[in-house]
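Chemist: Could you have a look at this structure, given as structure tokens, before my questions?
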Amino acid sequence: MLTAKIEKALNKQIQLEAESSFTYLAMASWADANGYENSAQFLYAQSAEERDHMLRLFTYINDAGGRALAPNVKVKNDDHESLEKLFIATLENEQKVTEAINNLVDLCLKERDHSTHNFLQWYVAEQHEEEKSFRSILDLFKLMGTDRHSLYHLDKEIGNRIGGDGEPENGQI
Ligand code: FEO
């Protein structure tokens, strides 16, 4: 049984995962429209992963006797100055999600909710992997440079990461 506090906090996390999903969808579309086809595929797949993260929370809340709430997502279809700036924004988003997960874990300890604490360990590990994945993409920009020729190869390299190291592997279109 979930306490009201935990149920509310888990529903807030649903909102954040949904926002991440739609943010990456908007980013994928920008990448597609700007000729970065492989980065677009990577981001479409990442968007699908975030939806999975959201659905896991749905199932957990309802299985535990609570009620998962469909999120009300408002997302901006931002333009990006460059592909590098876009990926800087992805890492910043993941860091925000990690902080939210850490706060949730803290709350579980405070509320003595060991079941939800256990459930959230998957997210703790996932956030580690996702931050690593986006950080390694940002390293590519430093290693390969950002002239047109480099960006062509960089985009290909990002495409090669779809399904690699478990990140991201679903939702390719
Ligand atoms: Fe589900 Fe990337 O946070």
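Chemist: If packing is taken as the average number of other Cβ atoms within 10 Å across a peptide's residues, how do 16-26, 124-134, 142-152, 104-114 rank, most packed first?
Modeler: Highest to lowest by the protection proxy: 16-26, 124-134, 104-114, 142-152.
Chemist: Also, I was wondering about something else. Which whole-Hz couplings ³J(HN,Hα) result when phi for each residue of segment 28-43 is put into the Karplus expression 6.51 cos²θ - 1.76 cosθ + 1.60, θ = phi - 60°, listed in order with x for Gly and Pro?
Modeler: Using θ = phi - 60°, the values come out as 4, 5, 4, 4, 4, 5, 9, x, 9, 4, 6, 5, 4, 4, 4, 6 Hz.
Chemist: Of Lys5/Lys110; Lys12/Lys132; Lys12/Lys74, which sit over 18 Å apart, Cα to Cα? Provide the component values of the computation, followed by the final result.
Modeler: Details: Lys5/Lys110 11 Å; Lys12/Lys132 24 Å; Lys12/Lys74 14 Å.
Long pairs (Cα-Cα over 18 Å): Lys12/Lys132.
Chemist: Let me ask something additional. Normalise the Cα radius of gyration of the chain by 2.2 N^0.38 Å (N = residues in it) and let me know the number. Mind showing how you got there, number by number?
Modeler: Numbers: Rg = 17.1 Å, N = 173, 2.2 N^0.38 = 15.6 Å.
For the chain, the normalised Cα radius of gyration is 1.10.
Chemist: Could you derive backbone 3J(HN,Hα) for segment 89-97 from the dihedral phi with the Karplus parameters 6.51, -1.76 and 1.60 (θ = phi - 60°), listing whole Hz in sequence and x where the residue is Gly or Pro?
Modeler: 5, 5, 5, 4, 5, 5, 5, 5, 5
Chemist: With every protein chain left in place, what is the accessible area per residue of the chain in square angstrom, probe 1.4 Å? Spell out each step's value before the answer.
Modeler: Values: 9380 Å² over 173 residues.
Each residue of the chain exposes 54 Å² on average to a 1.4 Å probe.
Chemist: Okay, moving on. Roughly speaking, to the nearest percent, how much of segment 107-160's 1.4 Å accessible area is carbon and sulfur?
Modeler: That fraction is 54 percent.
The values are calculated or read from the model by the stated rules, or taken from the named source; none is laboratory data. These numbers come from a predicted model, not from an experiment. In this analysis, Cβ positions are derived from the backbone assuming ideal geometry, glycine residues included, and neighbour counts consider all displayed protein chains. Remember, those area values only see protein heavy atoms, side chains included, never the ligands or the DNA or RNA. Shrake-Rupley method; radii C 1.70, N 1.55, O 1.52, S 1.80 Å.
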